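Presented below is the structure to which this report refers.
The values are calculated or read from the model by the stated rules, or taken from the named source; none is laboratory data. As the structure is a prediction and not an experimental result, all values here were calculated from the model. All Cβ positions, even for glycine, are placed from backbone atoms using ideal geometry, and neighbour counts span all protein chains on display.
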Amino acid sequence: MRWKVFLAGVMQGSMIEKGLVPQDYRAELKHLLRQHLPEADVYDPLADHRNSLEYDRRTGREVFFFHNEMCRTVDLLIAYLPQASMGTAIEMWEAYRHGAVVVTISPMRHNWVVKFLSHRIYSGLDAFRVALETGEIRRLLQERIGKSSLQR
């Protein structure tokens, strides 16, 4: 079984100036998924849109809505949120509403978006790595498939 995985996470955060917060976490997440969930087809929105801050309004809008619609079709959304991200919150909402497993890597356990839209919350990358190593993420995905087949 192949799993469709969307890597969501802070890009601009609360920046006022045009720019991105450090994106190193994306490579680490992809590495962990290749290692512990090799059947995952991982989509990283930044990988296909490295110059997104330079997009004209029409292109930016199309990409924004395309990614939000894509989140309706995934099996797993991983949200990396060391700080708040309005875009990631929308992606989480779309994935959650459409039956995906949403796991969040964040210290913001009390933030309502994180608290109420996450099936699991991990305090950092190390805790997420352990969840992959122990099979917890795989079990969450398998439970999702079991529930969706019962609803048919």
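Counting residues that are touching an Asp or Glu at 6+ places or on another chain (Cβ under 8 Å) and touching a residue at least 24 places away in the same chain (Cβ under 8 Å), which helices (runs of 4 or more DSSP H) fully inside region 44-117 reach at least 3? Break it down stepwise before answering.
Values: elements: 45-48, 57-70, 86-97, 112-117.
The qualifying helices (runs of 4 or more DSSP H) are 57-70.
All of (1) part of a loop (DSSP other than H, G, I, E, B); (2) closer than 20 Å to L132 by Cβ hold for L32 with one exception: (1).
Does A8 fit the bill of being on the phi < 0 side of the Ramachandran plot, more than 12 Å from the chain's Cα centre (by Cα), at pLDDT 95 or above and surrounded by 15 or more Cβ atoms within 10 Å (Cβ to Cβ)? When the stated conditions are applied, A8 does not pass them. Here is a check on your reading of the model: is Y80 crowded, with 18+ Cβ neighbours inside 10 Å and not acidic (D, E)? Yes. Counting residues in region 121-133 that are in a helix (DSSP H, G or I), under 13 Å from the mean Cα position of the chain (by Cα), over 17 Å from W3 (Cα atoms) and without any contact (Cβ under 8 Å) to a residue 60 or more places away in the chain gives zero.
In the set I137, I121, which member is touching a Ser or Thr at 6+ places or on another chain (Cβ under 7 Å), at pLDDT 95 or above, under 23 Å from A27 (Cα atoms) and surrounded by 18 or more Cβ atoms within 10 Å (Cβ to Cβ)? Outline the logic, then answer.
On the way: I137 fails: touching a Ser or Thr at 6+ places or on another chain (Cβ under 7 Å).
Of I137, I121, the one residue that is touching a Ser or Thr at 6+ places or on another chain (Cβ under 7 Å), at pLDDT 95 or above, under 23 Å from A27 (Cα atoms) and surrounded by 18 or more Cβ atoms within 10 Å (Cβ to Cβ) is I121.
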